[in-house]
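Notes follow the structure.
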Amino acid sequence: MNSEEIRDFCLSKPGVEESFPFDEETLVFKVMGKIFLFLPLERGQTISLKFPPKDIPELQDKYPAVIPAFHLNKTHWAAVVLDGSIPPKKIIHWINQSHDLVVSKMPKKLRVALAEGRFTDR
């Protein structure tokens, strides 16, 4: 997958917005105001995603393209190098998982609003 395909997929998910909150290089995707994916545009082809902490060491052992996330908490975040070694279906699964992890930590009111299509209610 390339960065444009990832961008399109993220923006197709309900309640997702993109922005450049930190610099003009790192595109950030949020669901209802909470970050679930970082896409650095200038630093090579990587994405940073939220993972269940118990899964990260196993994923890093199994996939050389899964590496520690730059400037993020290594317990909860990992970077995925988009070098073609990981099938697109797996990347889509990980994006969905990151999105779902972030949503699962939201208050019930926000989860209900997202499910009902009220994306701006916070």
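Readers should treat all values here as calculations from the given coordinates under stated rules, not as data from a laboratory. In this text the structure is predicted, and so the values were computed from the model without any measurement. All Cβ positions, glycine included, derive from the backbone under ideal geometry; neighbour counts span all protein chains shown.
Shape summary of the chain, radius of gyration then Dmax from alpha carbon positions: 14.0, 40 Å. A DSSP coil position with no more than 12 other Cβ atoms inside 10 Å describes the following GluC sites (Glu not before Pro) in region 37-122: Glu42, Glu116. For region 25-42, the Karplus equation 6.51 cos²θ - 1.76 cosθ + 1.60, evaluated at θ = phi - 60°, returns couplings of 9, 9, 7, 10, 10, 10, 10, 6, x, 10, 6, 10, 7, 10, 10, x, 7, 9 Hz by residue, with Gly and Pro reported as x. Taking amide H as placed 1.01 Å from N in the peptide plane, Leu37 has its amide H under 5 Å from the amide H of Phe29, each at least 5 places away in sequence or on another chain.
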